[in-house]
Amino acid sequence: MATTFVKTICFECHCRCGVILEVVDGKITGIQGDKDHPFSHGYTCPKGRACMEIVYHPDRITSPLVKVGGKESTHFEKISWEKALDVIAENLLTIREKWGAESVVFGSGTTRGMAPYLNKFLACFGSPNFMAPSNMSGGPIVLGSTATAGFSLVDPDYAQSKCMILWAHNPEASWPGLYLYDINQGLKKGAKLIVVDPRKTNFARKADIWLQIRPGTDVALLLTFLHIIIKRNLYDAEFVQQWTNGFDKLVEYVEDFTPEKCESITWIPTSKIIEAATVFATTKPACIGAGMGGVCQANDAFDLVRGLTILSAITGNLEVPGGNLNCTPPTGKRSCYGPDFDAARNVSKDVAKKKLGVDKYPLLMQIPCPPQVVWPAIIEGKPYHVKAIGLFANNSVCAYPNSAFVREALMKLDFLFAVDYFHTPTTELADIILPPAHWSERDDIEDLLMKNHVFCQKKAVEPIPECRDEKQILIDLAEKMNLQGYWKSVEEMLNYRLEPIQMTFEEFKKIGVYSTPIEYKRYEKKGTFKTPSGKVEIFAEYLTMFNLSPLPVFREPDEGPVASPDLYKDYPLILTTGGRILEYYHSSHRNIPSLRKKHPDPELQIHPETAQKLNIADGEWVYIKTPRGKIEIKAKYFEGIDPRVVHAPHGFWYGVDDGWKRININMITNDKPLCPASASVPIKALLCRIEKMK
Ligand SMILES: Nc1nc2c(c(=O)[nH]1)N[C@H]1C(S)=C(S)[C@@H](COP(=O)(O)OP(=O)(O)OC[C@H]3O[C@@H](n4cnc5c(=O)[nH]c(N)nc54)[C@H](O)[C@@H]3O)O[C@H]1N2
Ligand SMILES: Nc1nc2c(c(=O)[nH]1)N[C@H]1C(S)=C(S)[C@@H](COP(=O)(O)OP(=O)(O)OC[C@H]3O[C@@H](n4cnc5c(=O)[nH]c(N)nc54)[C@H](O)[C@@H]3O)O[C@H]1N2
Ligand code: SF4
Ligand SMILES: [Mo]
């Protein structure tokens, strides 16, 4: 028996932990953390450790499949790769001919590494429509902070910080490999911790100050922080004077945002608001960790991120050690959210103009199309028809709000193909399903939006028979379709990604990781921030061009006690959704026994007082109802949530007949793209009521 050890990068989630895979006779037999990795330092989580269960799962799809028996059928039969790719090529070309290239959309979920390759494929094909949930994930962060300070607010320097805020962010579940080590370093050195979260997470438990906020009212809290900091003269006057624009207008604007008013909006006691703002502004350096889910799923998500950036700026914490850094991933421009995704640069003007969503949300030109602008195009043909979709690593039906509508849209397509390890309620709707190689079975470049590294993901084993590297799938498809300008080999693709560091994949494989040095206060050296005025845009006048407010605006959640009091009478509880569970990535992993055993059922976090008033026992299955319908969920008593608020996790469907309808929270979430800048959807603040099942 030949045993080898392959050092590579885990991709069961986005952290990119370093791992060493043990391989015996071409099969993975073990996984352990790589202690030399620059941020995971040997850490692995249960999802990473379940790698073998995933790769060798008996339900893994191991052959291309074709649907037989018409749209409504769920019967698939095996088909050869050759035939499957022929069918896809033929459909995409026919649809382009008849409806135009833009009527073909490719989508990825939380972009499991394929985004650069898919985006380029579409550019060669002539479509500007790469779909991803960026509007409810990192998009508002990228757009909001870039609009304000010229870079993304994604690099809190926890390890060197004296005070950290976790704002709508629970990295213990969501980014353990990326951030836990740094946060613990900071805490060990005595940093103060402030947590803004409606739920008492473990970090909230550990925090010096926990602000238990009413969901969806973060901008009000933020503007009050600014009010307090200005009133008490706690801002960095020198930085403000030299490096920001429109501070005077901010002073006037936040005058009304008093802590007392804030308490009435956010339900956080005045004294705590004052304490938190004061501690943050007077403890230096201080950094803000903003949750990509928590911060980005609101009608004012863009404004919240603008506000957070302003908070970091006026307290003198931008680009300083221990503050919020401006890291450049070495291959940055070629990763997701880099300029390669800016349709204005990536495709011709005429094609870019057609990108779905940009007519109403011009800033979307820079990030992928939100799913919520794609579905109406399928159903109503507005602004034009979308006729075919290819989904790579995306369970649209369960992941996106308003599942029934998503499903209806997917059913209405002329052609749908999906690439997934496993059957899901989304692959079930496809005409063709293709089986991808796992991350352990492929060579790739792993870069992140965060930090300053790029990693080599090395193939540890050959794909199990008939599964294929998705990059190769695209190359094969491009060849069949005679697409001009697409890469001809995986090596060429990887070399393209590495061009910015002037290395080939073969060379890079030998070093495994490349890091750029972190630069502080780059604006001082360059004499400018990368913004229209060259300063931090507190008053961003240029945003009026896009019909956006130049100062961050607080919007009441459109479904809530204040904005819709009548609805609140019928639906008297505030519902927040999608708090991350360490063992699961979105709707994945429910079929993995070692992961499933800890959380077999979707659990509604509900305060015992609220539950008892409704005569609901701990562990009882109940209905959760919103104006859009009802699903089934198991009530779980949780003292760490306000009695007026409940929390439901997302991603459950597996193991229950019609699970996508019965236990999937997105059956009853709201898919209105309400944020006027980012098209974000308000899935963190809705209204609901809980009923016994009888
Ligand atoms: N209610 C609510 N809904 C939410 C959220 C929330 O907070 N609340 N969060 C939203 C956010 S932020 C996001 S990013 C989306 C995520 O949405 P998705 O990324 O669509 O999430 P998943 O449900 O995990 O679907 C991914 C599918 O990809 C497959 N897969 C995994 N790895 C690979 C791979 O390497 N290749 C291929 N081809 N397939 C692979 C998995 O088997 C799974 O079926 O969900 C959103 N949905
Ligand atoms: N294990 C695991 N890890 C993941 C994922 C996963 O599915 N599973 N998904 C990945 C993806 S794509 C993303 S985008 C990130 C998201 O990463 P995070 O944003 O860190 O995760 P969330 O759990 O969505 O939200 C964080 C916290 O926000 C709180 N919250 C809810 N509503 C509000 C509100 O209105 N205001 C405030 N201040 N807080 C609120 C929740 O209670 C939760 O504890 O996680 C990534 N990591
Ligand atoms: S946190 Fe877990 S799943 Fe994510 S990369 Fe690290 S080991 Fe893999
Ligand atoms: Mo996300």
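Per this entry, I624 is counted among residues that are modelled with pLDDT of 95 or more, assigned to a strand (DSSP E or B) and out of contact with any Phe, Trp or Tyr (no Cβ under 6 Å at 6 or more places or on another chain).
Only one of the numbered conditions (1) under 21 Å from the mean Cα position of the chain (by Cα); (2) at pLDDT 95 or above; (3) under 26 Å from A89 (Cβ atoms) is not met by P436, and that is (1). Every residue in region 584-602 that is away from ligand 1 (no atom under 13 Å from the Cβ) and not polar (S, T, N, Q), please. Correct list: P593, R596, K597, K598, H599, P600, D601. All conditions in (1) within 16 Å of ligand 3 (Cβ to nearest atom); (2) among the hydroxyl-bearing types (S, T, Y); (3) not in a loop (DSSP other than H, G, I, E, B) hold for T29, with the sole exception of (1). Could you tell me whether A115 is open to solvent by less than 10 Å² (accessible area, probe 1.4 Å), farther than 29 Å from I538 by Cβ and touching a Pro at 6+ places or on another chain (Cβ under 9 Å)? Yes: the conditions hold for A115. For region 658-694, filtered to residues that are among the polar types (S, T, N, Q) and part of a loop (DSSP other than H, G, I, E, B), the residue that is surrounded by the most Cβ atoms within 10 Å (Cβ to Cβ) is S680. Mind listing whichever residues of region 636-657 are part of a strand (DSSP E or B) and either within 22 Å of G560 (Cα to Cα) or of a type in the set (S, T, N, Q) (or both)? Listed by number, the residues that qualify are I641, V645, V646, H647, A648. Considering (1) more than 16 Å from ligand 1 (Cβ to nearest atom); (2) of a type outside the set (G, A, S); (3) crowded, with 17+ Cβ neighbours inside 10 Å; (4) part of a strand (DSSP E or B), the lone condition that E22 does not fulfil carries the number (3).
Pick out the one residue from C163, C124 that is under 30 Å from V490 (Cβ atoms) and either over 17 Å from the mean Cα position of the chain (by Cα) or away from ligand 4 (no atom under 16 Å from the Cβ) (or both). Within the list C163, C124, the selection yields C124.
Between I265, I229, the distinction of being open to solvent by 20 Å² or more (accessible area, probe 1.4 Å), more than 16 Å from ligand 4 (Cβ to nearest atom), farther than 26 Å from M450 by Cβ and in a helix (DSSP H, G or I) belongs to I265 only.
If we scan region 616-636, do we find a residue that is over 23 Å from L429 (Cα atoms), more than 16 Å from ligand 4 (Cβ to nearest atom) and among the polar types (S, T, N, Q)? Yes, the conditions are met somewhere in region 616-636.
This table checks each residue for (1) without any contact (Cβ under 8 Å) to a residue 24 or more places away in the chain; (2) closer than 22 Å to A298 by Cβ; (3) of a type in the set (F, W, Y).
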position: P517; (1), (2), (3): no, no, no
position: L551; (1), (2), (3): no, yes, no
position: Y571; (1), (2), (3): no, yes, yes
position: T576; (1), (2), (3): no, yes, no
position: R580; (1), (2), (3): no, yes, no
position: K597; (1), (2), (3): yes, no, no
position: H607; (1), (2), (3): no, no, no
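C296 falls short of the stated requirement of being open to solvent by less than 10 Å² (accessible area, probe 1.4 Å), more than 16 Å from ligand 1 (Cβ to nearest atom) and not in a helix (DSSP H, G or I). Of the residues making up region 57-86, just one is buried (at least 17 other Cβ atoms within 10 Å of the Cβ) and over 27 Å from N591 (Cα atoms), namely L85. Given the structure, is D476 touching a strand residue (DSSP E or B) at 6+ places or on another chain (Cβ under 6 Å) and either assigned by TED's automatic domain parsing to the domain that holds F11 or charged (D, E, K, R) (or both)? Here the answer is no, as D476 does not meet what is asked. Listed by first and then second residue, the pairs with beta-carbon distance under 6 Å, at least 6 apart or on different chains, first residue in region 343-372 and farther than 17 Å from A147 by Cβ, second charged (D, E, K, R) and surrounded by 21 or more Cβ atoms within 10 Å (Cβ to Cβ), are A343/K355; K354/E102; Q372/D671. On inspection, V320 passes the criterion of being open to solvent by 10 Å² or more (accessible area, probe 1.4 Å) and outside any helix (DSSP H, G or I). If the condition is being of a type in the set (A, V, I, L, M), farther than 29 Å from K684 by Cβ and in contact (Cβ under 8 Å) with a residue 12 or more places away in the chain, then region 235-268 contributes V240, V251. Suppose the filter is within 13 Å of L604 (Cα to Cα) and at pLDDT 95 or above; does I663 pass it? Here the answer is yes, as I663 does meet what is asked. When V373, V386, V406 are checked against the criterion of being outside the structural domain of L686 (by TED's automatic domain parsing), surrounded by 20 or more Cβ atoms within 10 Å (Cβ to Cβ), at pLDDT 90 or above and assigned to a loop (DSSP other than H, G, I, E, B), V386 stands alone in meeting it.
When L221 is tested against (1) within 16 Å of ligand 2 (Cβ to nearest atom); (2) touching a residue at least 60 places away in the same chain (Cβ under 8 Å), just one condition goes unmet, and that condition is (2).
Under the condition of being within 21 Å of K510 (Cβ to Cβ) and surrounded by fewer than 14 Cβ atoms within 10 Å (Cβ to Cβ), the residues counted in region 1-19 number 2. Does S127 satisfy the condition of being within 19 Å of A191 (Cβ to Cβ), open to solvent by less than 10 Å² (accessible area, probe 1.4 Å) and more than 16 Å from ligand 2 (Cβ to nearest atom)? Taking the combined requirement at face value, the residue does not satisfy it.
Within region 34-53, the set of residues being away from ligand 2 (no atom under 16 Å from the Cβ) and crowded, with 20+ Cβ neighbours inside 10 Å comprises D34, H37.
The values are calculated or read from the model by the stated rules, or taken from the named source; none is laboratory data. Computed from a prediction, not measured in an experiment: that's the story for all the values here. Don't worry about glycine lacking a Cβ; one is built from the backbone with ideal geometry, like all the others, and counts go over all protein chains shown. The area values use the complete protein model at the heavy-atom level, side chains included, leaving out ligands, DNA and RNA. Shrake-Rupley method; radii C 1.70, N 1.55, O 1.52, S 1.80 Å.
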